[in-house]
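Down below is the structure, laid out as C-alpha cells.
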Amino acid sequence: MRLREKTVIVTGAAGGMGSTTVRKLLEEGANVLATDLHANVYIDENIEGSLHHVEADLTDEKQVKEVISAASERFGRIDCLVNVAGMAQPATPLEDIPTSFWEKIMAVNTTSVFYMCREVTPFMKKQGSGVIVNVASIATERARPGLSAYIASKGAVVSFTKALAIELADEGIRVNAINPGPSDTGMLGEFTGVNTDALKREAFKKSVPLGELIEPIDIANGVVFLCSEESRMTTGAVFNIDGGRGL
C-alpha cells in the first residue's frame, strides 16, 4: 500500500495501459480520479469508494479545469498526475500527412499534457509537494519511418517534462517521463493500420531484445514507483520501459 491516501489523476484511463494503471494504483491504496473520453468501464463495487470517473476531452481547456476541480473537491488534494492519454499514427510518409492529422495528434499527445500540467501545478504548489508522470514513447529515442508526427508529439512531451522538472523542483514537485516500448494494447496495431495478433508477434515482438511485448502492468509498476516515496530524489528522469527496444 505504497500510495495509501494519495490522490492520483490518470488520463486515458479507459485504454489498456490507463485502466491497468488505475487498477494498480487502487491496489496500492490510492484515491484515483480516472478521466477519458469514453464511458466508465472499470468501476468495481469493492473499490468504488476510492475511484471517481470523469468523462472529458482533455484537448478542451475548460474541461481540463473541470477535471482538476473535480479531483480536488472529491478527495481534498492532488498528489499525483499521470498523463497516459494519447493516440497513434498509422505509418505514413511525411508528404501524405494531412495538416488536420498533425494538429489532432499534437492536441491529443502534447497540448493535453500541457493543459493538465498547467492546471494541476497551482494545487501542488499550494501543498508544497506533488508528482507528475508523463507517458511518452521509446520512439523518441529510436525513431522509425512513417511516424514523424507521433514522434514529434511525444518528443515534445519528453522535453516539456525536463523543463517542468527544473522549473518546479523548488516547489517540491517532481516531474518524470516513461518511454514505453511496443506494448500489448489496442493501440499497437494502429501504428500500421492493422490490429491482429499475428502483426503483434511478427512486427513488434521480435524487435524487443528481451523477446516480449511490454505489458500494461509493466508501465503501471513504473508509475507506482515514480509516484511513491521510493523515487523521492528522482526528477527530470526518462524511464525506458521497453525491453531494450531503444538500444
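The values are calculated or read from the model by the stated rules, or taken from the named source; none is laboratory data. These figures come from a predicted structure and were not determined experimentally. For neighbour counting, all protein chains shown are included, and Cβ atoms are generated from backbone atoms with ideal geometry for every residue, glycine included. Ligands, DNA and RNA are stripped out before the accessible areas are found, and what is left, the full protein with its side chains, is counted by its heavy atoms. Shrake-Rupley method; radii C 1.70, N 1.55, O 1.52, S 1.80 Å.
Hey, among 139, 88, 71, 107, which residue is crowded, with 17+ Cβ neighbours inside 10 Å, touching a helix residue (DSSP H, G or I) at 6+ places or on another chain (Cβ under 6 Å) and either acidic (Asp, Glu) or in a helix (DSSP H, G or I) (or both)? Being crowded, with 17+ Cβ neighbours inside 10 Å, touching a helix residue (DSSP H, G or I) at 6+ places or on another chain (Cβ under 6 Å) and either acidic (Asp, Glu) or in a helix (DSSP H, G or I) (or both) holds for just one of 139, 88, 71, 107, which is 139. Of the candidates 77, 118, the single residue that is in a loop (DSSP other than H, G, I, E, B), open to solvent by 50 Å² or more (accessible area, probe 1.4 Å) and modelled with pLDDT of 95 or more is 77. Residue pairs whose Cβ atoms lie under 7 Å apart, separated by 6 or more positions or on different chains, with the first residue in the range 211-225 and farther than 20 Å from residue 6 by Cα and the second among the hydrophobic types (A, V, I, L, M, F, W, C), are 213/204; 214/241; 216/17; 218/241.
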